[in-house]
Amino acid sequence: MSHSLDDIHIRDPFVLTLPASGRYLLFGSTDGNIWSGQATGFDCYGSSDLVHWEGPLAAFRPSPGFWSQEQYWAPEVHEHQGRYFMFATFTAPGHFRGTQVLSAAAPEGPYEPWSDGPLTPPHWQCLDGTLHVDGEGTPWMVFCHEWKQVHDGAIMAQRLSPDLRTAVGVPVFLFSASEAPWARALDVPSVKDREFPVYVTDGPFLFRLRSGNLMMLWSSFGDDGYAMGIARSQSGTVLGPWVQEEEPLWSTDGGHGMIGRNLDGSLFLTLHQPNKSPHERAAFFPLLELEETVVLHPQSQGRDPLHA
């Protein structure tokens, strides 16, 4: 069945481009209620033009013994060493939220657990792990140490084993949310009485520009709600140091995005907007690639990156 983006309720959209088949796969947080209740899993949708989408396909369904039954968030799919790997966030009563790796032989799945539980530290509240393979071929998971545990949400980097099954060493701190000039403290009743202001980190995504420079998208809250900014690595490596851009790339009620590549090689941004359930939808915008960063295409209108 064919769907438009308006038909698909999704948060945290992630697109895998498959040049060999001329296809795109759209993954994301797709349960009807991702905040509470029994989780179903993750769905994906397929398209040849980023406009018309077929599906949903069941990308992941937990086995009866799977440790988490609620709050399935932010699946990303990466090809690595001839397999496909899904990095997704899970939680359960008595467990800390964390990112686990799943794997499949085909990009659509079905995905099965690959790592033995989350690869984030077992006593940390974490989410939104993403894969980054450095210039020497070493895999890293970049993730958020959540504001619910540290009042100023942090972005961390964890080295992984070559097969992506285990963490190697200890996480490395990259930056805190409050370092971004555009980020604002969370202003909701549940945090009003906290001793310190709360800053959110969500959805890191690393992207290597053609120039060789390394940048990172990540989300927080700004003057106009949920927003997404850019950090740039001064060393060109995942360890930074990371410098925050002054203004967000996306400023108004949308975020947790990633940079994808069209079949013609041009770049697009996808994110969810608005940020209020159940109205979230994936939106697409063309990007211009510069030496050190990306910017929204000045003629970007609507959701179709192929016809900007």
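The values are calculated or read from the model by the stated rules, or taken from the named source; none is laboratory data. On a predicted model such as this, the values are computed, not experimentally measured, just so you know. Every residue, glycine as well, gets a Cβ built from its backbone with ideal geometry; the counts of neighbours run over all protein chains shown. When the accessible area is computed, the model is the full protein with side chains, heavy atoms only, and any ligands, DNA or RNA have been set aside. Shrake-Rupley method; radii C 1.70, N 1.55, O 1.52, S 1.80 Å.
Summary of computed values
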read-out	value
166, 99, ranked by accessible area, largest first (probe 1.4 Å)	166, 99
Length released on extending from residue 149 to residue 289, taking residue separation times 0.36 nm less the Cα-Cα span	46.8 nm
Residue 63/residue 191 FRET efficiency (R0 30 Å; Cβ-Cβ; nearest 0.05)	0.25
Top of 54, 136, 146 by mean-square fluctuation, Gaussian network on the chain, Cα under 10 Å	136
Coil-residue GluC sites (Glu not before Pro) of the range 238-285, DSSP, other Cβ within 10 Å capped at 10	246
Heavy atoms of residue 261 accessible to a 1.4 Å probe, total area in Å² rounded to 10	70 Å²
Check: the chain dipole with +1 on Lys, Arg Cβ and -1 on Asp, Glu Cβ, in debye	480 debye
Simple label model, 7 Å out from Cα along Cβ direction - residue 92 to residue 166, nm	2.1 nm
Options 63, 4, 137, ranked by Cα towards positive dipole end of the range 1-148, top entry (Cβ charges)	63
Tail beyond 26 Å, pair distance distribution of the chain (Cα, percent)	41 percent
Size of electric dipole in the range 203-282: Cβ of Lys, Arg +1 and of Asp, Glu -1, about Cα centre, debye, nearest 20	400 debye
Three-way shape call for the range 169-303 based on the alpha-carbon gyration tensor, with the a/c threshold at 1.5	oblate
Heavy-atom SASA rank of 84, 72 (probe 1.4 Å, accessible area, largest first)	84, 72
Signed unit charges on C-beta, dipole axis of the chain, positive-most listed residue 25, 13, 96	96
Candidates 224, 264, 116, ranked by Gaussian network fluctuation over the chain, Cα under 10 Å, top entry	264
Most mobile listed residue (122, 56, 139) in the chain, GNM with C-alpha springs under 10 Å	122
Gain on full stretching of the segment that runs from residue 6 to residue 83 - 0.36 nm per residue minus C-alpha separation	24.6 nm
